[in-house]
1. Please work out if C:Ala84 is over 27 Å from A:Arg123 (Cα atoms), of a type outside the set (Phe, Trp, Tyr), in contact with a His (Cβ under 9 Å, 6 or more places away or on another chain) and within 11 Å of another protein chain (Cβ to nearest Cβ).
2. Exactly one of these conditions fails for C:Gln241: (1) more than 23 Å from the chain's Cα centre (by Cα); (2) closer than 30 Å to C:Gln515 by Cβ. Give me its number.
3. Where in the range C:223-336 are there strands (runs of 3 or more DSSP E), lying fully within it, with 1 or more residues that are over 23 Å from C:Gln361 (Cα atoms) and without any contact (Cβ under 8 Å) to a residue 12 or more places away in the chain?
4. For the range A:56-161, give me every one of the helices (runs of 4 or more DSSP H) that falls completely inside it and has 2 or more residues that are touching a helix residue (DSSP H, G or I) at 6+ places or on another chain (Cβ under 8 Å) and within 26 Å of A:Ile243 (Cα to Cα).
5. What are the residues in the range B:128-150 that are surrounded by fewer than 22 Cβ atoms within 10 Å (Cβ to Cβ), more than 14 Å from the chain's Cα centre (by Cα) and small (Gly, Ala, Ser), if any?
6. Can you confirm whether A:Thr182 is more than 9 Å from every other protein chain (Cβ to nearest Cβ), in a helix (DSSP H, G or I) and of a type in the set (Ser, Thr, Tyr)?
7. Is one or more of the residues making up the range A:236-251 within 14 Å of the chain's Cα centre (by Cα), assigned to a helix (DSSP H, G or I), surrounded by 23 or more Cβ atoms within 10 Å (Cβ to Cβ) and not hydrophobic (A, V, I, L, M, F, W, C)?
8. Which numbered condition in (1) surrounded by fewer than 21 Cβ atoms within 10 Å (Cβ to Cβ); (2) closer than 29 Å to B:Gln194 by Cβ is the only one that B:Asp37 fails?
Amino acid sequence: MLRYALKRLLSLILSLAVASVVIFTVIEVAPGDPASFMLGVNAQEDTLAALRAELGLDASKVQRYFNWVGGMLAGDFGTSYTYRTPVSQMIADRLWVSLPLALFALTLSTLIAFPAGIYAAARRGKPGDLTVMGATQLGIAVPNFWFAMMLVLIFAINLRWFNAGGFAGWDKGFWTGLHSLTLPAIALALPQAAILARVMRSSLLDILGEDFMRTARAKGLSRRQALWRHGVRNALIPVLTIIGLQFSFLLAGSIIIEQVFYLPGLGRLVFQAISARDLIVVESVVMLLVFAVITVNFLVDLAYAAVDPRLRSRT
Amino acid sequence: MSRNLILGTALSSLVLLAALISFVWTPYDHAALNIPDKLQAPDTRHWFGTDHFGRDMFSMIMVGARTSIAVALVAVGIGMALGVPLGLTAAAHKGSWLDEVIMRGNDLVFAFPSLVIAILITAVFGAGALNAIIAIGIFNIPVFARITRGAALTLWEREFILAARVSGKGAARISAEHILPNVANLLIVQGTIQFSLGILAEAGLSYVGLGAQPPTPSWGRMLADAQTMVSFAPHLALIPGLAIIVTVLGLNLLGDGLRDWLDPRIRVARA
Amino acid sequence: MSLLDIQTLSLAIHGTPILKQVSLAVAPGEIVAVTGESGSGKSMTALAIMQLLPTGAEAQGTIMLNGHNVLDHPEAEMCALRGAAIGMVFQEPMTALNPVRTIGDQVAETILIHKAMPSAQARERAQEVLIRVGLPPDRFPMSRYPHELSGGQRQRVVIAMAIALRPQLLIADEPTTALDVTTQAQILELLKGLVDEYGMGLLMITHDLAVVSEMADRIVVMRQGEVVETGPTAQLLRDMQHPYTRLLFEASGHQVILPGATSQRPLLEVTNVARDYRLPREGLFDALGHHRAVDGVSFTLNRGERLGLVGESGCGKSTLTRAILGLEEVQEGRILLDGQPVFSGRKPNPAARQKMQVVFQDPYGSFNPRHRVSRLITEPFHALDTPPRGTQRQDRIAEMLTAVGLHPNDAHKYIHEFSGGQRQRIAIARALITRPELILFDEAVSALDVSVRAQILDLLAELCAAYDLTYLFISHDLSVVRTITDRVMVMRSGRIVEQGETERVFTNPQHPYTQNLIAAAPRLPEFGKGAAQVNYPC
């Protein structure tokens, strides 16, 4: 088990290293000099040079890459070109919106999808199954940001149960914060839940056709007992993969949803940074997103081993 | 033919037809401003109403279909054109360094969701439909590479492939002659699903301003424009949204229907 | 009184009749074997008793268990019977166990689900049962997972689950079909012992008539959903009434007469061949591990000779086959075909390759479903420098199809239009079309029903006479190898432990492993040779 975890960890570090090189290279290709962008076209050459030195732009490319990576490892993401504040501080503030939102949505999505998928699989071909499948078919087709607009129209503008946008902040209390993330989380979660429910159902149906399910029935387990005791845990193995993938979609999706609800998250930050050509912010946020995706997939790999003993003994 | 296939074909052809007809005819010029007529609700003159500049929504939806289909189709094309050969190659040389490099590269691309790729590209080159195509296209490559490799690997274990090898056929020839035709159904079905995902992704990118730029009409942009007016002119948001839903639903039903029709054992990846 | 008494059981699935008026009975302590070829309905009969039928199945008649008709039981009562009054063992031990739960849990579950005793006691009982089936805790603790056990060991776990509550009736559906002969003998021994010890009735479903003859007190022969003949084993073997029963037994022990081998010139020379597989690294910095699948194998196959290669699964015979075919490189030694290496310069040698062909086991996986027969059987032409074209090519296709007992017009059909036996004929046509010097038959008749297998063996004998074939026949089935080869090699753990003239090896084996193997293989009883004159329906 430990060996398996170490091996996955090594591959995680390798992926991160390659990803950072890719991101750094792409940003390097970007035309324009941040210093002249910041100071305007009329800036003096010696002022520009001073600023470049201050930003560390005068070092060689390789040097700058290692400065960037080394800084990130120490929690220093550099200084924003436009705001002149540490990027790490900006990201940390926004992360407190984006990360809870993605986790909230993931929880909702799982809570909806598991029962729906298991229910549909247990009633294969019956009206209950067809209803769930029809609903998920529709759920997959709905763009989450449009769904978000409809939620705002109904629950914020007409019913006035929620605010149409903005974030109350966590300092006013956990529930106030959660309340302002509820509509965004629902908008993110429902389309993902539709996908997850379909995967859960088809994975469970595959398992129901396995020989060991027949063995379980031959032992005297009822259909229901066999489903819960032998089916669900085996069906989780492919479902876990999808949950891992979904996290990256939720994180990316939250960038769009933040636009609908005017949430001060990473998404807003990155769009502001793009329009201000504040590339160091873009670079760091993208790296952070990729880090999150790779880390979650690493955790999924560990979860596999917890579910599947065949992986634990393999090296 | 199943109900899925019929309904899916009907909805998809409806959208495709609208896009094609828009090249020769639209009820109004989709770009013509007509401020006095702004924010009209749907009626007999303007079937889908007008926007805040008085432009005819029906015409804009027709032309917007063009953008959506073009972006998604080319992106799927990129994904297939690069992903399928990569998957076939990886499977043909299973376990070799080539396979390892291809699969690790795939994993890496998977770590960049299409939106993140789009952000990177936009940060460097600026926004635009072409960059949306590239972003969605790059993201499609590992999808096709992975499913092609998976299906091809099981085929390589089959005895008819061994028989072909005994007859002296090489990996490239076997991939083209035996493997590709036997994964074609899977690719068609997955292609339909990726097409629908591409429509959704294009809408999302245009919505946040990373996709097609004005004056090119796109459904995602129409939704972004509608956002501040949704409280007094809900049709501005409803209609482009329904257009997206009809298209994606149609393509998904078509994909499911094709799968049941071609081979019910096909497993598609949906993520 | 009978323990199980099935009377006029008919079964249809979605309107298609599967069983027709089946009647049979099992008494306590009795072993009843139901036998027949695929499609006979023998497995469906077993599932009907368990009431584990596929959806859409409708049964008529009576299945009396201890005087109660199980067809009248509601599902909840059936759950109470399954596992407690009736236990069942399935064919595929590799997939019959839940991969994510320990074997102890799975055996104890049978006891717990019927609330027979409290948890701690149930685990004790599970341990006792596992010991009884030959899995003592010092070597196979209850915390083991299925993937840590071999096929035979897993089948013991399945048996333990089935007998944990000492059911009166045990149903075993092809319990040893997926196992090697020596393992099969042990499992059969175990089942027999359990029947004696517990006084259970055993209903055994198997296609293997040799197993039937050795195990059963009574035999039920089925064909296409009907019972054609039934009777006490000794009596039925002595005096078969139904022609199908005779056909089945004759086909099982079918003998062919091969024409005499011709020359003494060597064709295939295998010298000191070793094939290693790399194992995954144990730790990051450990040395690479190796598994030696073939270890120092040497033999010579002469032109016109028919050589057999037998061994149990994992003995290395498949690896050796792949090496001879030039599909994989060997690490040591060399393989020469007609004086040329099959593998040269890290690549298969085309010159050697065009002189050999292969027939595989699976009649369903051996052909690209998207090509027509004419294209399928001419694929080997690819290896030739000047393949025949035009009418010459058409003539060759027609000749080959005729030679294997098909019609030239079959060339235009797709493979799904043919039965398993016909497909194997097409595979032979494909292997013969270039008139190769050497053909490898890799378990080529193992997937076929006995009557079809007998026909294919006859075809091979005919082709030997017509085309003067040289072949290497790889099989786990000793009886088939005995009749279809001149010389045989016995392989174990990558080495050839014995080789010699086939009859000599079978009648007077020298190596202890060969002796073991031959002793473990169940044998058909000798019966009147007069019964051997049977015409096969096509």
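The values are calculated or read from the model by the stated rules, or taken from the named source; none is laboratory data. What you see is a predicted model, and the numbers here were worked out from it, not measured in a lab. In this analysis, Cβ positions are derived from the backbone assuming ideal geometry, glycine residues included, and neighbour counts consider all displayed protein chains.
1. Numbers: over 27 Å from A:Arg123 (Cα atoms): yes; of a type outside the set (Phe, Trp, Tyr): yes; in contact with a His (Cβ under 9 Å, 6 or more places away or on another chain): yes; within 11 Å of another protein chain (Cβ to nearest Cβ): yes.
Taking the combined requirement at face value, the residue satisfies it.
2. Among (1) more than 23 Å from the chain's Cα centre (by Cα); (2) closer than 30 Å to C:Gln515 by Cβ, C:Gln241 violates only (2).
3. Answer list for the range C:223-336: C:289-302.
4. Details: elements: A:61-73, A:87-122, A:127-141, A:144-151.
It comes to A:87-122, A:127-141, A:144-151.
5. B:Gly128, B:Gly150
6. yes
7. yes
8. Every listed condition holds for B:Asp37 apart from (2).
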